[in-house]
Protein chains: 2
Amino acid sequence: MRTAFANGGVMESSELIWLRPEGAGVGRPASRSREEITEVAVRVADRDGLPGVSMRNVAAELGTGAGTLYRYVDNRDDLLDLMADHVAGEFALDNATGDWLDDLVDVGLQAREIHRRHPWLPELTLTRPVTGPNGIEATEYVLAVLADHPASDSEKLVALAMLHAVVASAARAEASTVDMMRSARFIAHVVAQGGHPHLAALNPDPAGGDPLPTALRRILRGLLSGVD
Amino acid sequence: MRTAFANGGVMESSELIWLRPEGAGVGRPASRSREEITEVAVRVADRDGLPGVSMRNVAAELGTGAGTLYRYVDNRDDLLDLMADHVAGEFALDNATGDWLDDLVDVGLQAREIHRRHPWLPELTLTRPVTGPNGIEATEYVLAVLADHPASDSEKLVALAMLHAVVASAARAEASTVDMMRSARFIAHVVAQGGHPHLAALNPDPAGGDPLPTALRRILRGLLSGVD
DNA sequence: CCGCGTTCGCGAACATTGATTGCGAACTAG
DNA sequence: CTAGTTCGCAATCAATGTTCGCGAACGCGG
């Protein structure tokens, strides 16, 4: 798809939305902004879930028609990108203590809190890269925390990607207890039929606390405290 | 939704599809099977991607109408579940060497190969739990590998979940080079504007090999060789 | 061999979705 | 004030998931 501009030029919309200018300097000014639309979309998602974020729904919430949204966004995916990066702005990136492990675990736990506040977020962050302005800011922060760390840049990026994958995945598991229960019922059925001794012998730990903090510590240290 | 049966009973379809019987013993026999439909759906997905897996498309490939599929499946999500578990049958689970770390890394690398063969798979495994018969089989295998390991059951399950999350996430990143390039362009733009020193100072390692095997080793050992 | 109960196949139909288009109104620049 | 441009909006299109009703196919009991 191509968008024509006042200068007669043309912009390939295969770029991320943040690279495309918002509005044009001339002509009738827009009555809404990407920010405003994004906030409304996030509110709708918090209330009705991700499938509730239809162009018609969001537009209605804004008191307008569906077609109007396409003046601000090329397609629905753009809107989803905006939403994901919007909530990435909820990070508090000024807690650095100087201990890289503590700081990275803190980022991971903050990420989980964000995912908990917005149960629709895992589906987005797991399916697409989050590389909007706020996502970039978080990445820069992590790199700053690891600035004095001896690991190579590649290793740091791998650790960052893994941190993200683990947190988002855990958050998704938390978010859909329905799926969990359906799975549990099926597993119980399979176990009841025999033939899966180790699955049958499984029993949950008594009084297991929150596993994520220690898991994150172990993963990050395993990845970055290279004792191969 | 509810499905009536010959005995006058009723079955809640909120169960996973594998808990619901295929066909009914009486009446006109079905001319197709879940297996057959699943195989066709997988083939369509391999060719046209996940959005190509529409009820009409799959039905057409089977030489029938869309409505017919609903005799075998309650909804599209059921079909996706079937597909995900179907390819989970591609695991070779008879390679156990006795060394749990080697064996788990092997499972992870096998999972990546499966994801590579079916580029649509990450979107499924990341979004929903894979707990069909074949998925259960893989879980049982992992538990068998870890049978003599001193870690607690909870720790083992956490490690398994993390293994899955990491592999699927890495596979997704591999699968969509388009997104990667768009992100790269935006990051380059941000860096060019200054203000992100650590991001700017980033340079990729020369001749970096495949990072996943060592990453998996480090993560799994970090999680299961408890040296807190 | 035949009817009966039940299921299956199938096409038409419905609601909803993302996206496009054409036009009049609103706005800025000169 | 005029020219040029963009914006808002409603109508519209194509495609999707899903439901429904009906006639035909089948197995079983007589």
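Here are some notes:
- Using heavy atoms of the protein chains and a probe of 1.4 Å, the accessible area assigned to A:Arg76 is about 90 Å².
- Inter-centroid distance (Cα atoms) of segment B:10-81 relative to segment B:104-143, Å: 21
- Degrees, to the nearest 10: B:100-117 long Cα axis against longest axis of chain B: 70
- Taking label positions 7 Å along the Cα-Cβ direction at both B:Gln193 and A:Val178, the computed distance is 3.9 nm, reported to one decimal.
- Debye equation applied to the C-alpha atoms of segment B:147-228, log10 I(q)/I(0) at 0.21, 0.26 Å⁻¹: -1.04, -1.22
- Per-residue ellipticity at 222 nm from helix content only, as computed over the protein assembly as shown with -39500 (n - 2.57) for each DSSP H run of at least four residues, stands at -18500 deg cm²/dmol.
- Between 0 and 90°, nearest 10: helix A:34-48 axis offset from chain A longest Cα axis: 40
- For the chain pair B and A, the buried solvent-accessible surface (1.4 Å probe, both sides summed) amounts to about 5400 Å².
- C-alpha long axis of helix A:177-192 to longest principal axis of chain A, angle in °: 30
- The protein assembly as shown: C-alpha gyration tensor shape, a/c 1.5 cut-off, then a/b vs b/c: oblate
- By a 1.4 Å probe calculation restricted to protein chains, A:Glu155 has an accessible surface near 60 Å², given to the nearest 10.
- For segment A:196-211, backbone nitrogen atoms closer than 14 Å to the point 7 Å from B:Ala147 Cα along Cα-to-C-beta are found at A:196-202.
- Oblate is the label for chain A, because the ratio a/c of its alpha-carbon gyration tensor axes (a ≥ b ≥ c) is 1.5 or higher and a/b is not greater than b/c.
- Length, then width, then depth: along the principal axes, the Cα atoms of segment A:91-224 run 54, 29, 27 Å.
The values are calculated or read from the model by the stated rules, or taken from the named source; none is laboratory data. As the structure is a prediction and not an experimental result, all values here were calculated from the model. A quick note on method: Cβ atoms are made from the backbone with ideal geometry, for glycine too, and the neighbour counts reach across all protein chains shown. Calculation scope for accessible area: heavy atoms of the full protein, side chains included, ligands and nucleic acids excluded. Shrake-Rupley method; radii C 1.70, N 1.55, O 1.52, S 1.80 Å.
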